[in-house]
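Worksheet: the structure to be examined is printed underneath.
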Amino acid sequence: MSYLVTGANSGIGLELVTQLSALPTSKVTRVFALVRRSSEALDALPSDRVTTIIISNLADAAEVSKAVASATEKLDGKGLDVLINNAGAMEPTGGKFEPTQKTQDMSAQELMSTLESNVATSLVVTSSFLPLLKQGKQKKIFNITTCGAFHAYKISKAAMNMLNQQFAGELEAEGFCVALITPGWLKSRHPQADLEVSVGVKAVLDIVFGAGPEQNGKFLNIRVAGWEENTKGPNKYDGKEIPW
C-alpha cells in the first residue's frame, strides 16, 4: 500500500514516515513525504521506501500539481492508497507565549496565516491528490487535529474539522474513509507532555491501519495502554470516538 504524509520533515510527520517505511513491503510499498523543505533525519530514511517531494507552498494548487505528477510517475499506474494531512503551524497569540493573551490580542494576519497553514493546505492537497486516491485500493484520508493552546490555532482546527466533514459526506458513496485523528499531547515540542512521539504515532497508525468506511466522518482518539482512565491529568487516550 502507498502512503503520502505532509509535514514530514520533523515531529509527528517524520515519525509517521519513519514507522511506515520500517514496515515490510507486504504492508507498505511506498511512502511519499510532502514537505516544504527536507531534513537530515528525513534524508537518512531508505530512498527505496521513501520518496521526498519538496514544494514551496502546500496551499498553492499549481505547486501541489507538480507533487501529484511526481507521485503519479512513481506509482507507475497504481493509485495512492492513504493520505495523511499532518502539515500545520501553531503561532502564539499576539506573538507572545503568555497564558494571559486573549482573543482580542490575535491579529488578522496571524489568523489568516494559520488558516492557510492548517486548513488551506489540507484542502489543496486533498483535492489535488483525490484522483489518485480514487484509483487506490484503501481510499483513506486522515486529518491530524488537536485543540491546541493558541486562539488562531484553535479556530483553524475547528475549520479543518468541518472541512473533513465536507469531504467525508461527499466521498462516502465511493467507499472512502475520511476521518480526524488526534495524536495526543506528544513530546515533539513540549518535554512535559504526556507521550513520546513514537508512542503517539504508533497509536495513530493503529487507527490508520484499522479504519474503514464505518469510520468515515468520525473524530478518533488514539488508544494507549494505561491512559484509558487518566486520573492525574485531563487527557485520556481510550481509542473512543470524540464528539464534535
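Within the option set Ser113, Ser122, being among the polar types (S, T, N, Q), assigned to a helix (DSSP H, G or I) and at pLDDT below 95 holds for one residue only, Ser113. Only a single criterion out of (1) of a type outside the set (Val, Ile, Thr); (2) within 18 Å of Leu58 (Cβ to Cβ); (3) at pLDDT below 95 is not satisfied by Gln192, namely (2).
Is there a residue in region 167-185 that is modelled with pLDDT under 95 and over 27 Å from Ala211 (Cβ atoms)? The answer is no; no qualifying residue exists.
When the residues of region 214-244 are filtered to those that are over 16 Å from the mean Cα position of the chain (by Cα) and of a type in the set (A, V, I, L, M, F, W, C), the one that is surrounded by the fewest Cβ atoms within 10 Å (Cβ to Cβ) is Ala225. In region 215-244, of all residues being of a type in the set (Asp, Glu) and touching an Asp or Glu at 6+ places or on another chain (Cβ under 7 Å), the one that is nearest to Ala179 (Cα to Cα) corresponds to Asp238. Taking region 1-107 as the region of interest, the strands (runs of 3 or more DSSP E) fully inside it that hold 1 or more residues being more than 22 Å from Ala203 (Cα to Cα) and either modelled with pLDDT of 95 or more or in contact with a strand residue (DSSP E or B) (Cβ under 9 Å, 6 or more places away or on another chain) (or both) are 30-35, 50-54.
The values are calculated or read from the model by the stated rules, or taken from the named source; none is laboratory data. This structure is a prediction, so every number in the text was calculated from the model and none was measured. Virtual Cβ from ideal backbone geometry, glycine too; neighbours counted across all protein chains shown.
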